[in-house]
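Beneath this line is the structure, given in structure tokens, with notes to follow.
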Amino acid sequence: MNNTVRPSAIAAYEDWPAYVRAHPRYRAGTPASQEFADALGVPGASAAPQVEVQWEEEHDGVTTSQLSWQLGFGPRTTGWLVRPAGSSGQLPGVLALHCHGGNKFGGADRLVELPDSHPSAAAARAGLYDGQALATETARRGFAVLAHDSFAWGSRGFDLSTPPWRTGAGLEARRAQWRQDGVVPSDADLYNAAAGIHEDTVAKTAGLLGTSLAGMVAHDDLAALDILAGLPGVDAGRLGCMGFSGGGGRSLALAALTPAIRASVIICMMTTFESLLPAYLDAHSWLLQTPGLWKLGDWPELTARSPAAAFLVQYALADQLFPEAGMRQAHAILENLHPADRYTGAFWPGGHVFTAAMQDQAFEFLGRTLGATAPLPADDASHRIPSSPQGPHS
């Protein structure tokens with residue numbers, strides 16, 4: 001008899017199946033949004049989580065607070081609220097959505113200037129965001145910005161210290177290649193290699209539970225949006241979201257799921273589904289490729305399910321992950337779907353990168369759409385978040 005004990009395939013998330021059974025369906029506000037939510041299999045929400053402040057500091061024109069909250073399953077979420085230092089009154093709120101990037105060791109930390117930034121976050125900023133911390137730069141333009149780790153990333157990652165069998169076999173092959181090449185992998189390299197293989201297991205589990213990777217990420221994003229809307233000093237009537245690459249897909253999904261989103265910025269994540277077949281399909285993760293989603297319409301057509309948002313879509317003409325013909329086809333569909341005041345499409349030179357110039361356009365769009373103004377000094381602390389005792393910076 002084989003008495004070998006197999007490691008958990010969903011370590012740190014053993015309570016995930018029970019949560020989905022208890023909260024099987026997100027309730028959207030419109031039939032169009034509900035159809036989309038059901039296609040992704042977005043679970044319903046549990047009770048609103050209690051938000052704790054881990055630390056807060058002011059630096060270079062912004063106040064950054066590290067927050068945490070516990071959703072109904074899996075590890076505790078870490079997020080960062082960044083707002084103009086000394087701001088008073090109600091600010092428009094923006095949810096900054098981190099990319100996939102093949103980097104699940106971290107999450108939203110790549111979007112925030114932190115006292116002690118992990119090298120993997122710094123590398124992501126340098127390689128994908130033109131060296132800028134997106135959430136921090138957005139806050140400097142007069143917004144309250146929340147950036148959070150979403151399902152399967154960063155603090156919400158799976159425990160792969162003892163990888164399940166299929167993941168372990170793939171990781172050992174990668175280790176062998178590193179040894180042959182004389183490479184000493186970092187902790188982030190090891191985790192990201194395992195997580196890349198493990199994503200298939202996560203998607204398989206999600207499908208078995210009647211959801212999807214995109215649906216689970218949307219669940220976490222909706223919870224974060226509710227948290228942002230309820231924070232002191234945030235105007236819940238002026239909310240937007242912004243994301244690059246996989247974060248762009250999340251930005252589209254969030255706008256299609258809730259009328260609370262008034263502005264959605266989608267960067268380097270727009271094309272037609274058909275244009276990905278057959279050559280580009282393998283370039284993308286399960287975030288874009290939810291089984292059966294095409295039955296609802298093409299990727300750009302999903303924006304029509306948003307009842308309230310204005311969209312800025314930025315395309316990179318030399319994007320390695322999307323063919324130019326597909327991007328231009330999507331742009332034409334979007335122009336036909338939306339009036340000029342609801343859709344702006346911009347084609348930029350270069351590859352799959354969110355450049356500083358592209359970010360400036362995104363900031364201008366969000367400011368115009370959500371009504372951001374230059375922050376004014378505060379005479380009191382009415383804008384501060386009720387805080388738990390502060391711990392050490394991390």
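The values are calculated or read from the model by the stated rules, or taken from the named source; none is laboratory data. Source: prediction; values computed, not measured. Cβ placement follows ideal geometry from the backbone for every residue including glycine, while neighbour counts extend to all protein chains displayed. Heads up: the accessible areas ignore ligands, DNA and RNA and are worked out on the full protein's heavy atoms, side chains in. Shrake-Rupley method; radii C 1.70, N 1.55, O 1.52, S 1.80 Å.
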- Note on the structure: Exception for Leu312 within (1) in contact with a helix residue (DSSP H, G or I) (Cβ under 7 Å, 6 or more places away or on another chain); (2) of a type in the set (A, V, I, L, M); (3) open to solvent by 40 Å² or more (accessible area, probe 1.4 Å) falls at (3)
- Which one of these is touching a Gly at 6+ places or on another chain (Cβ under 9 Å), in contact (Cβ under 8 Å) with a residue 60 or more places away in the chain and among the small types (Gly, Ala, Ser): Ala39, Ala28? Ala39
- Restricting to the range 178-200, what's the tally of residues that are among the polar types (S, T, N, Q) and either crowded, with 18+ Cβ neighbours inside 10 Å or part of a loop (DSSP other than H, G, I, E, B) (or both)? 2
- Take the residues of the range 267-276 that are more than 17 Å from the chain's Cα centre (by Cα) and part of a loop (DSSP other than H, G, I, E, B): which is surrounded by the most Cβ atoms within 10 Å (Cβ to Cβ)? Thr271
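To keep it simple, each residue is scored yes or no on (1) at pLDDT 95 or above; (2) open to solvent by 20 Å² or more (accessible area, probe 1.4 Å).
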{"residue": "Val51", "(1), (2)": "yes, yes"}
{"residue": "Trp69", "(1), (2)": "yes, no"}
{"residue": "Phe73", "(1), (2)": "yes, no"}
{"residue": "Arg76", "(1), (2)": "yes, yes"}
{"residue": "Gly89", "(1), (2)": "no, yes"}
- Item | Residue tally, condition within 19 Å of Leu208 (Cα to Cα) and in a helix (DSSP H, G or I), over the range 21-37 | 4
- Item | Positions within the range 319-328 being in contact (Cβ under 8 Å) with a residue 24 or more places away in the chain and open to solvent by 60 Å² or more (accessible area, probe 1.4 Å), in sequence order | Gln320, Ala325
- Just a yes or no: is a residue in the range 329-340 surrounded by fewer than 19 Cβ atoms within 10 Å (Cβ to Cβ), without any contact (Cβ under 8 Å) to a residue 60 or more places away in the chain and in a loop (DSSP other than H, G, I, E, B)? yes
- Query: Within the range 97-119, how many residues turn out to be in a helix (DSSP H, G or I) and over 15 Å from the mean Cα position of the chain (by Cα)?
  - Reply: 1
- Item | Answer from Ala152, Ala147, Ala133 - the residue that is within 24 Å of Ser264 (Cβ to Cβ), buried (at least 22 other Cβ atoms within 10 Å of the Cβ) and more than 13 Å from the chain's Cα centre (by Cα) | Ala133
- Would you mention how many residues in the range 38-48 are more than 15 Å from Leu213 (Cβ to Cβ), part of a loop (DSSP other than H, G, I, E, B) and modelled with pLDDT of 95 or more? 1
- Note on the structure: Residue pairs qualifying under the 9 Å Cβ cut-off, at least six apart or on distinct chains, with the first in the range 120-141 being part of a loop (DSSP other than H, G, I, E, B) and the second being among the aromatic types (Phe, Trp, Tyr), are Tyr129/Phe244; Tyr129/Phe354; Asp130/Phe354; Gln132/Phe354; Arg140/Phe363; Arg141/Phe363
- Query: What do you reckon, is Asp220 open to solvent by less than 10 Å² (accessible area, probe 1.4 Å), of a type in the set (D, E, K, R) and touching a Ser or Thr at 6+ places or on another chain (Cβ under 9 Å)?
  - Reply: yes
- Query: With Ala318, Ala308 as the choices, which residue is closer than 30 Å to Gly210 by Cα and in a loop (DSSP other than H, G, I, E, B)?
  - Reply: Ala308
- Message: Yes or no: the range 250-259 includes at least one residue that is open to solvent by 60 Å² or more (accessible area, probe 1.4 Å) and either at pLDDT below 95 or of a type in the set (Gly, Ala, Ser) (or both).
- Response: no
- Based on what the data block shows, is Ala263 buried (at least 24 other Cβ atoms within 10 Å of the Cβ) and in contact with a Phe, Trp or Tyr (Cβ under 6 Å, 6 or more places away or on another chain)? no
- Task: Kindly indicate the residue of the range 235-249 that is surrounded by 23 or more Cβ atoms within 10 Å (Cβ to Cβ) and part of a strand (DSSP E or B) and also farthest from the chain's Cα centre (by Cα) among those meeting that condition.
- Result: Leu239
- What pairs come up if the first residue lies in the range 7-25 and is on the phi < 0 side of the Ramachandran plot and of a type outside the set (Val, Ile, Thr), the second is part of a helix (DSSP H, G or I) and open to solvent by 40 Å² or more (accessible area, probe 1.4 Å), and their beta carbons are under 9 Å apart, counting only those six or more places apart or on different chains? Pro7/Trp165; Ala9/Trp165; Ala9/Arg166; Ala9/Lys204; Pro17/Leu208; Arg25/Asp38
- Task: Just give me the residues in the range 277-296 being more than 26 Å from Gly102 (Cβ to Cβ) and crowded, with 16+ Cβ neighbours inside 10 Å, in sequence order.
- Result: Leu296
- Query: When the residues of the range 201-227 are filtered to those that are in contact with a His (Cβ under 9 Å, 6 or more places away or on another chain) and in a helix (DSSP H, G or I), which remaining residue is farthest from Gly168 (Cα to Cα)?
  - Reply: Ile227
